[in-house]
Amino acid sequence: MTPPSLFSATGLLLRLQLTSLWRGRKLRVGMIATGFVVFAVIAARYSSQRDVGAERAVELAREAMVSGFDWGFFRLLVLLLPFLFCASSLSEEIEGRTLPFLTVRPVGRVPLALGKFLAGAICSLGCIWAAGILMHLVGLAASPAALIEVFPDTLRALGAASLLVVCYCAICTMWAVMIPDASGVICALWLAILEFVVSLLPGQFRVISMATHGRSLGGMEVGGWLAEQLPPPEVPAAISAGLIAGMTLLALLVALLVVRGAEYRFSKA
Amino acid sequence: MSASIRAIRCSKWYGKVTALQDVSLHLGPGIWGLLGPNGSGKTTFMRICAGQLRPSLGEVQICGERPFNNSKALAQIGLCPEADALYDQMSALEFVTAMARLSGFSANDAEKRAKASLEEFGLEDAMKRRMGGYSRGMRQRAKLAQAVVHDPKVILLDEPLTGTDPRSRATILGALQRKAADGAVVMFSTHVLPEIEAITDQVLLIARGQLVAQGKVHEIRSLLEEHPHHVRVFTAEPRRLAALCVDIEGVVAMSFAPGGVEFMTYDPAATYQTIARKVVEHEVEIDSITSPDASLEALFHYLVERAAHGAGTGSDAGVGRARSLQQANPRTQNAPHPEGQYAQQNYAPGEGQ
């Protein structure tokens, strides 16, 4: 009997976490939240539909999709889903007292954190992509020309949202393994303040927020407070993508370093 | 490397609280009962052995390896934690299979082993049901099945009989005895003494974070010369018997217990003989002669009381006056030391830890 490799242990723990999410409540909550967003965007799109020319109809459809992605995805789902799936992934095991079953296996703790991160990312991405494609198909069903013309924009928005989702999953996993007792509160504050509020600040402040870069990559208008007086700096797409990827890797690296030597709350049980 | 648990001056503290203090021992194959009251440090020691915690001082070796974050050592360990916690959405078969796979078995092997392990603990009919619907005893057996599914050399069981019915207990104890017979070290923690007596007479007594004794119950018992032995005689004529036995050599006290007389003696063998002779000579009717000390209970309480004089856990830690002079020599159940082993306490006023 040889202990499983890092890759295979991560796969096994990923599968275990996916099973827990699939059979638990969180995935259902995530799917319901995503469903509400899709429904709201589609309802808004059809309630504002007017009898305009074909060209204008495509334009209106494009605007509806952009604003749907902006408010429904970039300002809500990309924050909510990683929080839901990753922020308390480890504290659940600790509070549920099931963590010793995993940490006593000869796989080390790195696959544990990686498996939880990947499971959260997969569920979040699944929800985002399913919702995005559904929103695109149903929202633009009334104007077949827009279905095709707007599709690249949809893919671009979904790609950027995916980058952000993975980044937020990494951040939530980092806090989950660093401070499992308070990871929910810390993740909520981080996402609400550093990502949501800061992305609305005027001028250069907003570049701190990954949300700004994600929205810019997704083709959203980078607005916010005093956008006209203090316009945000222009950041090239490659740099924005690099910053998000860098932040993701940094958060993951910290998570993996911390999890290797952590004793967690076993002492209090 | 043969199955073994070795602790070398192992201590663990959480802030100002000392959970474990200077514990040294070496356990070989067999079943070892880890006894101690709640909060005595049993679970902390178990968790250090299982690689869940790092000792603050000293070290623990499992089959020669430090267990914390060490795959080589962890592969040899099976742990049944104390908490009644499982993945309730999973079936026992899924759970134990997943644990076997994490131990390094292929999917097919893992499932076969999981089935065999669950059958060994009597869960063959329920293994495909979700564990959320299990009774406490079934959950305990599922936890035990995952602990042994990979044939570990060291099996650590934290209160494994909690919530089990007599039938489950028999199943569990039988399975553990088979594992021990196959050469595994089974360390079994509990504060319910008869649980230990039912399965082994090799015990480790831990109190206030210190190992106060290690060895066979009767061996430890015989070393405690300063602890008077109790002999209880159940009779309908307690006053007459007491009057007859008042001059027995070695008896230091006598009291009337419910249904008879209880003697305290430093020479139990002579006391038994003399009582029996006097009973026959004077035709005193007796129902039975027993020794409450034969159970672990008396021994345990005595040793715990002794340890209570020393430094312990809680707010008094750090100002305790006692120093543990444990002399834990390597021993195994198969080759017991003739005198057992006693972790002596020296009370040295003014001497810090």
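Overview of results
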read-out	value
Filter result (over 14 Å from B:C63 (Cα atoms) and not aliphatic (A, V, I, L, M)) within segment B:4-29	B:R9, B:C10, B:S11, B:K12, B:W13, B:Y14, B:G15, B:K16, B:T18, B:Q21, B:D22, B:S24
Candidate set from segment A:73-117 (those that are part of a loop (DSSP other than H, G, I, E, B) and hydroxyl-bearing (S, T, Y)); member that is nearest to B:A98 (Cα to Cα)	A:T98
Checking A:G35 against (1) part of a helix (DSSP H, G or I); (2) open to solvent by 30 Å² or more (accessible area, probe 1.4 Å); (3) farther than 22 Å from A:G132 by Cα, the condition it does not meet	(3)
Unique match (being free of Cβ contacts under 8 Å to residues at least 60 places away in the same chain, open to solvent by 60 Å² or more (accessible area, probe 1.4 Å) and facing another protein chain (nearest Cβ under 10 Å)) among A:W22, A:W71	A:W22
Out of A:A238, A:A142, sole residue that is over 22 Å from the mean Cα position of the chain (by Cα) and open to solvent by 20 Å² or more (accessible area, probe 1.4 Å)	A:A142
Some residue of segment B:62-69 being on the phi < 0 side of the Ramachandran plot and in contact with a Cys (Cβ under 7 Å, 6 or more places away or on another chain)	yes
Hits in segment B:46-59 - residues which are within 17 Å of B:Q76 (Cβ to Cβ) and within 14 Å of another protein chain (Cβ to nearest Cβ)	B:M46, B:R47, B:I48, B:C49, B:A50, B:G51, B:Q52
Test: residue in segment B:15-34 that is among the hydroxyl-bearing types (S, T, Y) and either farther than 30 Å from A:S5 by Cβ or away from chain A (no Cβ under 11 Å) (or both)	yes
Residue list for segment A:202-230, restricted to those being open to solvent by less than 80 Å² (accessible area, probe 1.4 Å) and outside any helix (DSSP H, G or I)	A:P202, A:S209, A:G218, A:G219, A:M220, A:V222, A:G223, A:G224, A:A227
Residue list for segment B:153-183, filter: open to solvent by less than 10 Å² (accessible area, probe 1.4 Å) and not in a helix (DSSP H, G or I)	B:V154, B:I155, B:L156, B:L157, B:D158, B:P160, B:L161
Unmet requirement for A:I128, which otherwise passes all of (1) modelled with pLDDT under 95; (2) open to solvent by less than 10 Å² (accessible area, probe 1.4 Å)	(1)
Within segment B:1-119, helices (runs of 4 or more DSSP H) holding 2 or more residues that are of a type in the set (A, V, I, L, M, F, W, C) and open to solvent by 10 Å² or more (accessible area, probe 1.4 Å)	B:92-102
Residues within segment B:237-260 that are under 16 Å from B:V279 (Cα atoms) and part of a strand (DSSP E or B), tallied	1
Unique residue being within 25 Å of A:A238 (Cβ to Cβ), in contact (Cβ under 8 Å) with a residue 60 or more places away in the chain and in contact with a Ser or Thr (Cβ under 6 Å, 6 or more places away or on another chain) when the list is A:V66, A:V78, A:V165	A:V165
Residue check for A:P111: farther than 18 Å from A:A251 by Cα and within 14 Å of another protein chain (Cβ to nearest Cβ)	no
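The values are calculated or read from the model by the stated rules, or taken from the named source; none is laboratory data. The structure displayed is predicted, hence computed values, not measured ones. Please note: Cβ atoms are built from the backbone with ideal geometry, for glycine as well, and neighbour counts cover all protein chains shown. With ligands, DNA and RNA removed, areas are computed over all heavy atoms of the protein, side chains included. Shrake-Rupley method; radii C 1.70, N 1.55, O 1.52, S 1.80 Å.
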